[in-house]
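Just so it is clear, none of the values below were taken in a lab; they were calculated from the coordinates. Computed from a predicted model, the values in this text were never measured in an experiment. Here the Cβ positions follow ideal geometry from the backbone for every residue, glycine too, while neighbour counts run over all protein chains shown.
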Amino acid sequence: MRKQLRFCRGVAVSLACVAWLLPVREVAAVPPAPGASGGIIDVRLDQRGAVCGRLLDVAGRPLADRPVVLQPTEGESRAAQSDAAGDFVLPRISAGVHRLTAAGQTVNCRVWTHAAAPPSATDQLTVVAGDSIVRGQQPFSCIFTNPLFIGLVIAAAIAIPIAVHNSQNDRPPGS
């Protein structure tokens, strides 16, 4: 009986370990809504009053010859083209809230003059084009919807009662 009980515990522990070792699924990152907290990037103008930036794909490679458009909340938009290194410069930009669109991505940014910019402001705006992928640990609740975990639970629900029933038949009569 102890052998079968040890076997059942081993099976249960093994099933639990297998469930935790399952591959982590990829989840597309959800960009923040325009105007949402954390959805605006502070950008410092350079000494000439230009916004400098770089356009990259998700692998970090520069995207060349792509249009970059900066639209202020009021006024005319400015356009530039990324160079071979993915760099772009938008000259003569006024401070304020702008929306930058490049390679299918839209970034809300708050543009500051060089002197008034907060310490957290960036000198170069980096725009990553393409679908962002976040890889990481799944929430605990995802394990219960995994088909392999469901199959293992069903197998354990069948095997454990059979093992317990069979262990009761091993007892000598009169015990």
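Structure data summary
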| read-out | value |
| --- | --- |
| Of the criteria (1) under 18 Å from residue 46 (Cα atoms); (2) surrounded by 13 or more Cβ atoms within 10 Å (Cβ to Cβ); (3) of a type in the set (A, V, I, L, M); (4) without any contact (Cβ under 8 Å) to a residue 24 or more places away in the chain, which one residue 64 fails | (1) |
| Residues of the range 67-96 satisfying the condition of being more than 21 Å from residue 117 (Cα to Cα) and either free of Cβ contacts under 8 Å to residues at least 12 places away in the same chain or surrounded by fewer than 18 Cβ atoms within 10 Å (Cβ to Cβ) (or both) | 67, 69, 75, 76, 77, 79, 81, 83, 84, 85, 87 |
| Of the criteria (1) within 26 Å of the chain's Cα centre (by Cα); (2) touching a residue at least 60 places away in the same chain (Cβ under 8 Å), which one residue 59 fails | (2) |
